[in-house]
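One structure is given below, encoded as structure tokens.
The values are calculated or read from the model by the stated rules, or taken from the named source; none is laboratory data. Predicted model, so just to flag it, every value in this text is computed and none were measured. Every residue, glycine among them, receives a Cβ derived from its backbone with ideal geometry; neighbour counts consider all protein chains shown. What goes into the accessible areas is simple: the full protein's heavy atoms, side chains included, and nothing from ligands, DNA or RNA. Shrake-Rupley method; radii C 1.70, N 1.55, O 1.52, S 1.80 Å.
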Amino acid sequence: MLILGACVIAMMVAWGVTRLMMAWAKPDLPEAARKLHTIPTPTSGGVGIMAGLLAGTAVLLLTRLDGASVSSWQAFGACLSLALAGGA
């Protein structure tokens, strides 16, 4: 049940931040001949995805890993580092 709650929070945060980025970020305009799209395309959606990932992970971290051993924290740090590196 905890994992489902963390997933729902992650989804809501990702949706909200993505909506904000679509409203605030400058869209990619189809002004060059090399562009494949014909209408302005929103950019920076990855920011919302990473915000959702971090929110869901924080929920799990604060509720699940409260008394965890050092190896659990090391595994969490390694997974978070890989996720952040993949989003950059």
Relative to the present Cα-Cα distance, how much length would full extension add between Arg34 and Ile49 at 0.36 nm per residue of separation? 2.7 nm
Quick one: with all protein chains in place, what share of the accessible area of segment 1-47 is carbon or sulfur, to the nearest percent (1.4 Å probe)? 73 percent
Selection of trypsin sites (Lys or Arg not before Pro), segment 17-66, meeting DSSP coil and at most 15 other Cβ within 10 Å: Arg34, Lys35
So how much slack lies between Met12 and Thr41, counting 0.36 nm per residue of separation and subtracting their Cα-Cα distance, in nm? 8.2 nm
